[in-house]
Structure formats: structure tokens, C-alpha cells
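The values are calculated or read from the model by the stated rules, or taken from the named source; none is laboratory data. Being a predicted model, the structure only gives us computed values, none of them experimental. A quick note on method: Cβ atoms are made from the backbone with ideal geometry, for glycine too, and the neighbour counts reach across all protein chains shown.
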């Protein structure tokens, strides 16, 4: 079945450091790919998405590019802030587009 | 912006008790979901619901679980006889039926934390 694998955390960075959180997926067909973020004590919020190969999703300085050849959707940010501290979930849809499968989540901690 | 709302935000119950978690999806959405997240673990799919019936369910969604859309706005998850391992955050989500529907984007509520003692 479909699955999403992302790097385990926690990832601890200093403010203004470069962030990469790796995500790879296995799916049949052409899934849509997402990054969701969960701030402490809150629910899941969509951070960005990409719906086809070579699409780049971006939001709040975060970016991720849909790479079909490597089945990856790595999350990057050039300069993280303390307020980016959260858990980040990579997710993909199934071929029918009616179910979302999540990766295990990566906790990011940014220190001042 | 329209949002998915869930109640209660936190419920504490005794093992063996019945629990109902409530969700109000976004009003023009027709696809509804429950996911759960055991503390510190991944977000797991439980069930999807469309056209007044379950369309998909996971192995977690056994006979102790049921879902219902009792009226035009609420979508509920019932756990018949709670177990300790049901302690988790339960997220409701809904999906649009056009435009964003094909992309599969889900809109999540803030979750209901269930603690079973």
C-alpha cells in the first residue's frame, strides 16, 4: 500500500540555520503531496502542497518540490525562526485522491 | 475562513465507558474523515465517510468504533467501550467536492484529546 517515510527527529537547529526535512513516498499513480505542521497544543495545519511532478509548493518561507524521479518531497527553509518549532508531517494522497497517508512526523526545535 | 470544529477539546473517561466525539465539518464539504494520533506517534487514518456511508476504514476501526452523521452538520465518532489504548488525539477532517477535491487536501479540526483511565 501507499506509505510515506520522513526523517526521524528531533531536529534541533539554531535560529537562521538552513532546514531540510526529508520525505519519500511510495504510491501508485500520481499522488498529491503535502506538508502539514502541528504547533504545540494545536491541530494539523496545511503548510504547503504540490499536485504534480516538478511542482514547487511554498508558504511562510518553506518550500518543497515534487520529485517523481526520486519519489521525494523534501521540506526546506533557508532561515528558520524560533516560531517554526513544531512537528512537521509529510503526507500523500492515494491514487483516487480520497485518502491521506501521513509520515511519522519530524519534530523541529529551533533555539535562539 | 471556514474551519472544521471539534468538541470536546479534551475528554477523560473510565475504561469501558462509551465516548462520542463530535465534529462540524466545513459546510459545503461532503467527504469526512477521522484520524487519530497516539501521543508522540504518527497520524493514523481511521475512517472516511461519504454519502452517508463508510467509504474506507483501517484495521484500527474495529467493531468498537462507529461513525454517524445524525443531522446536516455534525459528524460523530463513537467508541463503544473504551480501552486504555484508545487514549489519543482524534482529528476530524473534511474535503471539498470540487476544485481542491482532486488534490485530496483535507481540512483538519484542532482535535479532541481522549484520555482513558
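For the range B:44-68, filtered to residues that are away from every other protein chain (no Cβ under 13 Å) and more than 12 Å from the chain's Cα centre (by Cα), the residue that is farthest from residue A:104 (Cα to Cα) is B:52. Residues satisfying the criterion are absent from the range B:4-24 (criterion: more than 15 Å from the chain's Cα centre (by Cα), surrounded by fewer than 16 Cβ atoms within 10 Å (Cβ to Cβ), under 29 Å from residue A:88 (Cα atoms) and modelled with pLDDT under 95).
Of the strands (runs of 3 or more DSSP E) entirely within the range A:13-54, those holding at least 3 residues that are closer than 24 Å to residue B:40 by Cβ and more than 11 Å from chain B (Cβ to nearest Cβ) occupy A:19-21, A:23-26.
From B:89, B:15, which residue is farther than 26 Å from residue A:45 by Cα and in contact with a strand residue (DSSP E or B) (Cβ under 8 Å, 6 or more places away or on another chain)?
Working: B:89 fails: farther than 26 Å from residue A:45 by Cα.
Exactly one residue qualifies, and that residue is B:15.
Among the residues of the range A:3-12, those identified as surrounded by 15 or more Cβ atoms within 10 Å (Cβ to Cβ) and outside any strand (DSSP E or B) are A:7, A:9. Of the residues making up the range A:63-79, those that are under 14 Å from residue A:53 (Cα atoms), in contact (Cβ under 8 Å) with a residue 40 or more places away in the chain and outside any loop (DSSP other than H, G, I, E, B) are A:64, A:72. Residue pairs whose Cβ atoms lie under 7 Å apart, sitting 6 or more positions apart in sequence or on different chains, and linking a residue in the range B:1-19 that is outside any loop (DSSP other than H, G, I, E, B) to a partner that is loosely packed, with under 13 Cβ neighbours inside 10 Å, are B:12/B:117.
Yes or no, residue by residue, for (1) within 25 Å of residue A:90 (Cα to Cα); (2) away from every other protein chain (no Cβ under 14 Å); (3) not in a loop (DSSP other than H, G, I, E, B):
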position	(1), (2), (3)
B:33	yes, no, yes
B:70	no, yes, no
B:73	no, yes, no
B:78	no, yes, yes
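Checked against (1) in contact with a strand residue (DSSP E or B) (Cβ under 6 Å, 6 or more places away or on another chain); (2) within 14 Å of another protein chain (Cβ to nearest Cβ), residue B:84 meets all criteria but (2). Pick from A:110, A:80, A:87: which is within 14 Å of chain B (Cβ to nearest Cβ), surrounded by 18 or more Cβ atoms within 10 Å (Cβ to Cβ), touching a strand residue (DSSP E or B) at 6+ places or on another chain (Cβ under 8 Å) and over 12 Å from residue A:4 (Cβ atoms)? A:87 is the lone residue from the list that is within 14 Å of chain B (Cβ to nearest Cβ), surrounded by 18 or more Cβ atoms within 10 Å (Cβ to Cβ), touching a strand residue (DSSP E or B) at 6+ places or on another chain (Cβ under 8 Å) and over 12 Å from residue A:4 (Cβ atoms).
For the range A:98-112, the set of residues classified as closer than 12 Å to residue A:13 by Cβ and more than 17 Å from the chain's Cα centre (by Cα) consists of A:111, A:112, listed by residue number. Could you give every pair whose Cβ atoms fall below 9 Å, whose first residue belongs to the range B:87-107 and is more than 9 Å from every other protein chain (Cβ to nearest Cβ) and over 19 Å from residue B:73 (Cα atoms), and whose second residue is at pLDDT 90 or above and part of a loop (DSSP other than H, G, I, E, B), counting only separations of at least 6 or pairs across chains? Filtered contacts from the range B:87-107: B:87/B:38; B:87/B:117; B:88/B:38.
Kindly list the number of the only condition in (1) more than 14 Å from chain A (Cβ to nearest Cβ); (2) outside any strand (DSSP E or B) that fails for residue B:41. Tallying (1) more than 14 Å from chain A (Cβ to nearest Cβ); (2) outside any strand (DSSP E or B), residue B:41 fails exactly one: (1).
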